[in-house]
Amino acid sequence: MHSFLYNRKVRDTLIQLIFFAVICFGITYLALNAATNMRDAGLTSGFDFLFQRAGYDISYSLIHYDPKTSTHLMAWAAGMVNTIAFAVVAILLTTVMALCLAVMRLSQNFLLSKVSLCLVEYVRNVPILVHISVWYTLSLMLPSVRQAFNFGDVSFLSNRGLSIPSVEWNYGLLASLVFAALWIVLCFFVKKRVSTTGRRIISVLLMTVVLVVLASLVFTPVVSFTTPKLVGFNFKHGWTLPPEFIMLIIAVSTYSAAHGSEVIRGSILAISKGQMEAGLALGVRPNIVMNKVIIPQALHSIIPPMTSIYINVLKAAALGSVVGFMDIMGTMGGSSLNITGQAIECIVIVMVSYGILNLILAAIMGRFNKAMQLKGR
Amino acid sequence: MNHQASIEKITGKPIEARAKKEVPFSFSRVTVWIKRNLFNTWLDSVVTLALIALLCLLLPKALDWLFFSATFSGTNRADCAPGAACWIPIRQYMDYYIYGPFPESEQWRVNSAFAVGLFAFPLLFSQRIPQKWIVAYILVLPVVLWLLLKGGFIFEDISTSALGGLTLTFFLGIIAMCLSLPVSILLALGRQSQLPILRWACTGYIEIIRSVPVITFLFMASLVLQLFLPSGVSIDVLFRVLFVLIFVSAVYKAEIIRGAIQAVPKGQIEASYAMGCGYWKTMAYVVMPQALRNSVPALITNFIGLFKETTLVMILGLLEVMGAINATFHNAEWLGLHAEGPIVISAFFFIACFSIAQYGAYLERRIKRTKH
């Protein structure tokens with residue numbers, strides 16, 4: 001018996017069985033409690049509530065959402081689209097600002113580098129909630145629609161938010177398909193050019209611009225812009241981004257950019273000094289050494305920590321509920337949960353939604369990381 | 001031994017420490033420095049001049065608003081000077097910001113809790129004190145803080161609603177930090193384990209918690225947790241929040257510690273097994289001491305994150321330092337002072353987090369030095 005218990009395999013199996021049993025017991029206990037509590041409250045579990053009328057308003061939604069007729073499923077979709085829109089804009093802004101701050105910090109200019117140091121240290125040592133509340137308070141001080149800040153009659157910033165020109169796609173289905181086919185064909189041609197110059201992104205962008213301009217000149221314009229116009233007490237036409245959305249984006253992206261700039265700076269400093277010196281000794285200009293020698297090497301130690309910063313940006317969308325921006329947490333995990341009382345289902349949906357978004361983001365960054373990896377022999 | 005000592009041993013004579021030469025001040029050196037660091041290229045010059053102009057424009061105004069024209073003493077709103085900061089409420093409510101609604105006669109307990117907690121920083125990461133004392137301190141610290149701040153045993157019990165302000169921030173931050181450390185070690189070991197069920201469970205837990213915002217769990221703790229408890233049982237909101245902070249931040253610490261465990265050379269583990277030590281002995285005496293020591297800088301960064309995250313409990317209506325300061329500015333008398341509250345909150349968090357971060361950076365440099 002003694003030797004039986006001390007057998008490695010037997011012991012491993014036993015430990016795992018006990019662990020598994022404890023977890024199963026815990027989950028069953030909680031589930032039984034939940035079942036009793038829900039029965040007492042007169043609730044039935046299940047996802048039927050998703051197809052019922054939601055009946056609450058979402059302050060800002062990119063897709064069509066009508067509080068009178070839309071279902072909880074639509075509310076979830078609106079929250080999801082809001083989250084994705086927020087994440088895309090905030091991640092782009094984070095990257096740009098982080099790069100700027102890092103470049104400033106690494107600059108030869110004493111004053112510029114110290115200004116960047118102060119900004120970064122202040123921003124990253126103050127909780128994000130403070131940033132959000134500061135920017136939200138600032139947004140309350142924006143002028144009314146009539147006194148809106150005017151950016152060249154194209155965009156306006158007021159207490160209703162930022163009004164920007166809207167972009168409309170003018171082509172019908174058939175024309176769009178032809179356009180897409182043409183674009184894909186041209187992409188193949190560009191591929192040849194890429195193999196000789198290696199400038200993939202620039203080539204594709206250039207080609208797209210040329211295609212759009214040609215199509216616009218030959219047929220009808222591909223896209224048309226409608227600028228916002230002041231009609232009565234509000235801006236008509238164009239797109240209006242509400243102040244809470246803009247302020248949340250600014251707060252979250254400055255906060256993440258401060259963290260990101262430290263990552264970028266650290267990675268660039270970690271590249272040995274000899275690389276720069278070797279490049280300079282060969283007579284290459286400093287900015288080209290930076291772009292072609294230092295940055296490519298730094299990039300693959302930047303990407304993994306940057307990924308986790310991006311994931312934090314995505315998760316920060318949930319903080320929008322503090323200032324009234326509804327993401328999945330605000331719609332499904334907040335209002336829907338309170339109205340239907342289907343707590344477990346709502347929380348599970350929220351967690352799965354965030355999980356999926358995270359996985360997608362991680363997969364994109366993983367692809368990017370693989371592409372940037374130095375190819376060794 | 002360091003390099004210098006070994007050279008001294010070989011040559012037999014002490015090498016004089018390279019004295020920092022006192023370079024006399026000269027005007028030309030200053031101009032060279034200025035030229036090199038401020039006006040190197042024409043672009044540099046433009047940037048420098050623009051920045052100097054901006055600073056000249058903003059700094060005097062900001063300083064004037066903050067200090068020179070600001071009101072520091074007075075009793076009510078009428079004493080505030082217009083067009084400048086008004087620090088009267090801050091001075092009036094300072095005690096409330098620090099102690100919250102803690103009973104006044106018991107405030108020495110809060111003070112001693114601050115002392116015990118802050119003493120942890122120099123002590124925990126000192127290299128002279130044996131590690132078992134440090135471990136003992138980490139284990140005892142939450143208990144002591146609990147007794148001092150919450151009561152029990154010989155101390156009078158304090159109601160959870162009496163915890164607020166800096167006291168609550170401190171209570172949540174330090175206790176969550178100390179209690180999440182053992183949980184995170186177990187999670188890290190579980191994720192590295194040879195036993196598949198254990199490994200899958202730990203990995204799944206870590207990945208799920210990491211991909212969901214903390215605020216979701218805080219809302220869950222306040223709204224949903226009740227559903228899973230037997231009827232009649234309810235847990236105070238403070239403990240629910242503490243529970244969430246512990247089990248969420250443990251996940252991030254587990255990843256830090258896992259990295260540090262993987263950095264311990266495999267030969268050491270094999271050597272330990274070859275000496276006849278079992279799994280737990282190997283982990284406790286060979287792997288963990290090294291892994292924990294090397295993860296100290298990252299753990300400090302994690303602590304700063306946790307400390308900042310405690311502000312989120314404000315959303316659930318617990319008045320930690322940010323909530324307490326905001327609450328006083330929602331007071332009818334001080335309504336309309338928008339900037340003062342955030343400035344004080346930012347200043348507090350900046351001072352606290354920046355000094356902890358500097359300490360972490362110092363430790364990191366020291367660890368790097370001892371490695372070579």
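The values are calculated or read from the model by the stated rules, or taken from the named source; none is laboratory data. Please read all numbers here as calculations on a predicted model, not as lab measurements. Using ideal geometry, Cβ is built from the backbone for each residue, glycine included, and neighbour counts are taken over all protein chains shown. Note: accessible area is taken over every heavy atom of the protein model, side chains too, but ligands, DNA and RNA are not part of it. Shrake-Rupley method; radii C 1.70, N 1.55, O 1.52, S 1.80 Å.
Mean projected area of the Cα convex hull of region B:208-346, taken over all directions, amounts to 12.6 nm².
Inter-chain neighbour count for A:130-138: the average number of beta-carbon atoms from partner chains within 10 Å of each residue's beta-carbon is 4. The Cα atoms of chain A cover 77, 72, 50 Å along the three principal axes, with the biggest extent listed first.
Tell me what chain B gives for mean residue ellipticity at 222 nm when only DSSP H runs of n ≥ 4 count, each as -39,500 (n - 2.57), the sum divided by the residue total, rounded to 500 deg cm²/dmol.
On the way: 17 runs with 247 residues, N = 372.
Taken over chain B, the calculation gives -21500 deg cm²/dmol.
The simple spin-label model puts a point 7 Å past each Cα toward its Cβ; for B:Phe354 and B:Thr370 those points are separated by 2.9 nm.
For each pair in A:Lys292/A:Lys315; A:Lys114/B:Lys308; A:Lys370/B:Lys253, compute the distance between the two Cα atoms and list the pairs where it is over 29 Å. Those over the limit are A:Lys292/A:Lys315. For region A:1-123, the calculated P(r) over all alpha carbon pairs, in 10 Å bins from 0 to the bin holding the longest distance, is 10, 16, 14, 16, 19, 17, 7, 0 percent. Distance between the 7 Å Cα→Cβ label points at A:Gln373 and B:Asp95: 6.4 nm.
Just in region A:1-70: which trypsin sites (Lys or Arg not before Pro) are loop by DSSP and have at most 14 other Cβ atoms within 10 Å? Write down the numbers at each step before the final one.
Values: sites: A:Arg8, A:Lys9, A:Arg11, A:Arg39, A:Arg53, A:Lys68; in loops: A:Lys68.
Here the trypsin sites (Lys or Arg not before Pro) that fit, given the DSSP loop and packing criteria, are A:Lys68.
Taking 0.36 nm per residue of separation and subtracting the Cα-Cα distance, full extension of the segment from A:Thr13 to A:Leu217 would add 66.1 nm. Between the beta carbons of B:Leu49 and B:Glu270, assuming R0 = 51 Å, the FRET efficiency works out to 0.20 to the nearest 0.05. When the Cα positions of A:Gly161, B:Phe155, B:Phe119 are compared along the charge dipole of the protein assembly as shown, B:Phe119 comes out farthest toward the positive end, with charges on each C-beta of Lys, Arg, Asp and Glu. Please give the residues of region B:58-78, grouped as numeric ranges, whose backbone N is less than 14 Å from a label point set 7 Å along the Cα-to-Cβ vector of B:His338. Hits in region B:58-78 for B:His338 at 14 Å: none. For region A:1-73, count the residues as N, evaluate 2.2 N^0.38 Å, and divide the Cα radius of gyration by that value, please. Dividing the Cα radius of gyration by 2.2 N^0.38 Å gives 2.13.
If you roll a 1.4 angstrom probe over the protein chains with everything in place, what fraction of the accessible area of region B:241-352 belongs to carbon and sulfur, to the nearest %? Show your work: numbers first, answer last.
Details: 3100 of 4590 Å².
Its accessible area is 68 percent carbon and sulfur atoms.
Determine the relative contact order of chain B: mean sequence separation of Cα pairs under 8 Å and six or more apart, normalised by residue count, in whole percent. List each step's numbers first, then the result.
Working: 322 pairs, mean separation 60.8, N = 372.
About 16 percent, as a whole number.
Shielding of B:217-226 by partners, i.e. mean partner chain Cβ atoms within 10 Å per residue?
Details: counts 2, 1, 9, 8, 0, 0, 8, 7, 2, 4.
Average neighbour count from other chains, rounded to a whole number: 4.
Extension gain for A:Phe188 to A:Ala270 (0.36 nm times residue separation, less C-alpha to C-alpha distance): 25.7 nm.
Taken over the protein assembly as shown, the percentage of Cα pairs per 20 Å bin, counting from 0 up to the bin with the maximum distance, is 12, 42, 36, 10, 0. Only protein heavy atoms count here; under a 1.4 Å probe, B:Ser73 has an accessible surface of about 80 Å². Restricting region B:120-198 to chymotrypsin sites (Phe, Trp or Tyr not before Pro) that sit in a DSSP loop and have at most 13 other Cβ atoms within 10 Å of their own Cβ leaves B:Phe153.
Using a probe of 1.4 Å on the protein chains alone, the accessible area found for B:Arg258 is around 60 Å².
At 1.4 Å probe size, put B:Thr169, B:Thr203 in order of accessible surface, largest to smallest.
On the way: B:Thr169 0, B:Thr203 35 Å².
Of B:Thr169, B:Thr203, the descending order of accessible area is B:Thr203, B:Thr169.
The alpha carbons of region A:144-187 give a radius of gyration and a Dmax of 18.0, 49 Å, in that order. A compact globular protein would have a Cα radius of gyration near 2.2 N^0.38 Å; the ratio found for region A:245-328 is 1.49. Counting Cβ atoms of other protein chains within 10 Å of each residue's Cβ and taking the mean over peptide A:295-305 gives 0.
For the residues A:Ala181, A:Ala148, A:Ala258, a GNM of chain A with alpha-carbon springs under 10 Å puts the largest fluctuation on A:Ala181.
Looking at the protein assembly as shown, the accessible area is 56 square angstrom per residue; that uses a 1.4 Å probe and ignores ligands, DNA and RNA.
Straightening the chain between B:Arg77 and B:Glu207 buys 41.7 nm, computed as 0.36 nm per residue apart minus the Cα-Cα spacing. When only the Cβ of Lys, Arg, Asp and Glu is charged (+1, +1, -1, -1), the dipole of the protein assembly as shown relative to its Cα centre reaches about 3520 debye. Counting every alpha-carbon pair across region B:119-159, the share separated by more than 13 Å comes to 57%. Each label point was placed 7 Å from the Cα along the Cα-to-Cβ direction; for B:Phe228 and A:Leu32 their separation is 1.7 nm.
Output needed: percent of Cα pairs per 5 Å distance bin for region A:276-377, bins running from 0 to the one holding the longest distance. P(r) for region A:276-377, in whole percents per bin: 2, 11, 14, 13, 12, 10, 8, 7, 6, 5, 4, 3, 1, 1. Projecting the Cα atoms of A:Ile201, A:Phe86, A:Thr44 onto the charge dipole of chain A, computed from C-beta unit charges around the Cα centre, puts A:Ile201 farthest toward the positive end. The A:Ser308 and A:Cys118 beta-carbon pair, evaluated with R₀ = 30 Å, returns a calculated FRET efficiency of approximately 0.75. In the elastic network of chain A, a GNM with C-alpha springs shorter than 10 Å, the most mobile of A:Lys229, A:Lys192, A:Lys273 is A:Lys192.
The contact between chain A and chain B removes approximately 4100 Å² from the accessible area (both sides summed; 1.4 Å probe; ligands, DNA and RNA excluded). Comparing each chain alone with all protein chains together (probe 1.4 Å, DNA, RNA and ligands left out), the residues of region A:318-336 losing at least 50 Å² of accessible area are A:Met329.
Which FRET efficiency value, to the nearest 0.05, do you get for B:Asn111 and A:Leu138 by plugging their Cβ-Cβ distance into 1/(1 + (r/R0)^6) with R0 = 35 Å? In this case the efficiency is close to 0.40.
GNM remark for chain A: springs join alpha carbons under 10 Å apart, and the peak mean-square fluctuation among A:Ala175, A:Ala34, A:Ala87 falls on A:Ala175. Largest first and in whole Å, the equivalent-ellipsoid semi-axes of region B:237-298 read 30, 13, 8, each the square root of five times a Cα gyration tensor eigenvalue. When the alpha carbon gyration tensor of region A:128-277 is reduced to an equivalent ellipsoid, the three semi-axes, largest first, read 36, 32, 11 Å.
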